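Computed from the coordinates by the stated procedures, all read-outs in this text should not be read as laboratory data. This is a predicted model, so every value here is computed, not measured. Reconstructed Cβ throughout: ideal geometry from the backbone, glycine too, with neighbour counts over all protein chains shown.
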Amino acid sequence: MFPSLSAFRDIVFLFKLMLSPTADMLPDRKAWNPNDAILSWSHNDQGLIVHGFGRVLPLPCTSFQDGTSNITKKGVDAREELAQYDHLASWTLRELIFGRKAPRCPPSGANPSHLCKNRIDTEDDVLHVQNKQLPLYDGHLRPDESELLLQILTAPFLRIPLVMHFFASKERVKALASARLQQVLDSCLFEMGPWLKPEDGLGKSGDPMRTSIDLEDSSKVMVPSQERLHTSTPLGLLFNELVHAPSTMVEAVESILRYALALDSGRYDVESQGCKVILYAIRLASRAESFLAFILEHDEWRAHSESSMLQANTTIVGSSTHIRGLSDVSTVALEAIKNSQSRIHKQLHGTVFRTLERWYEDCAARKKVADGCVIRAHITYLFKDLKR
């Protein structure tokens, strides 16, 4: 009666299979033929059996299966659970003997437990970490600075302005020459964080576009909270920060870029710490500008859709659609975002562009082809949001 139902069933199953928490639940890595992906379904006393890719595929095929993992347990951050993978103290006797299934995705780069190989849940835990166990990132941070950074990372919902302020100084911006610290900052900014489902954000108002939850009785709220629901967002932590408090975040980006450019020695050297900082600051500012531009483009589309009486369910590609989380941006925030995006854009396509062009000409004169390609790639990255 519904011949397309079987195809839809297989598509849903394969999508869920891709969400498997461990690689051994996936098909082996090899050159599969299209026919190998055809799923065969059967049934016995134990339930459904799915054959595909030359083997029996797991059902259910994601980490929601009871007893296989705690990473989807209510109130537990999956990335925090994965960060404990290397801690032998958390292994059971069976896992010590037969081994533990390795997670497919690495732990969060901003997880303090993963960074110093000690279980850290609160600021007090950082105080008990010995100096020799603190990550110093090849000498780019002092022990007291590393301790401060770890304390900041214990507050995921507040860490963006705090960690940006941490690096937005003439002294600490040089530490961003470390690739590991670059990863920490990228993780803080661009990892999404807990997702706020539409039904969780309804609250008393019943508004499906609501972007926060209602705490009905604050006297019953446990501190620290056992869940992450109150810190979840519909679009990720960075969008949430830009929508509600853009100035602090953007000013830090501008400071990092300004202090980084002050390290320019006049030519590009792949081993130069200053050049590493400059290139990273350029990438950081360019990515931040993309987020700011997206918010402005969406607001422009909203204004146009309201004036032209477009239907509420109109959906277009990119920012030109209804987006939960960007519907309640205040006029003050939009003005700050507009000014900030304009300043960063002017800096990137002015001073930064001229610096990269000068570096490239010097590399071409010295026949440093590989270095020239790196610089050209960053020049291209400046124009990644160019519209036709």
Which of LYS170/LYS276; LYS132/LYS174; LYS16/LYS387; LYS346/LYS384; LYS174/LYS346; LYS174/LYS368 exceed 27 Å between C-alpha atoms? The answer is LYS16/LYS387
Relative contact order, percent, region 262-388 [alpha-carbon distance under 8 Å, six or more residues apart]:
32 percent
Would you mind counting up the charge near LEU57? Only other residues with Cβ under 14 Å from its Cβ, with Lys and Arg at +1 and Asp and Glu at -1.
-1
Mean projected area (nm²) of the alpha-carbon convex hull when region 269-388 is viewed from all directions:
9.4 nm²
Simple Cβ-charge dipole of region 345-388, Lys/Arg +1 and Asp/Glu -1, about Cα centre, in debye nearest 20
140 debye
Need the full-extension length gain, GLU271 to ASP28, defined as separation in residues times 0.36 nm minus the C-alpha distance. One decimal, nm.
83.5 nm
Based on a Kirkwood Rh over C-alpha pairs, give the Stokes-Einstein translational diffusion coefficient of region 4-57 at 20 °C and viscosity 1.002 mPa s in µm²/s.
177 µm²/s
What spacing in nm lies between the two simple spin-label points modelled at VAL56 and ARG376, each 7 Å away from Cα in the Cβ direction?
5.5 nm
Would you mind counting up the charge near PRO135? Only other residues with Cβ under 9 Å from its Cβ, with Lys and Arg at +1 and Asp and Glu at -1.
+2
With no solvent and one equal point scatterer placed on each C-alpha of region 331-380, evaluate the Debye formula and give log10 I(q)/I(0) for q = 0.13 Å⁻¹, two decimals.
-0.43
Formal net charge of residues neighbouring CYS275 (Cβ-Cβ distance under 11 Å; K, R +1; D, E -1)
-2
I need the P(r) histogram for region 226-295: all alpha carbon pairs, bin width 10 Å from 0 out to the longest distance, whole percents.
18, 38, 25, 15, 4, 0
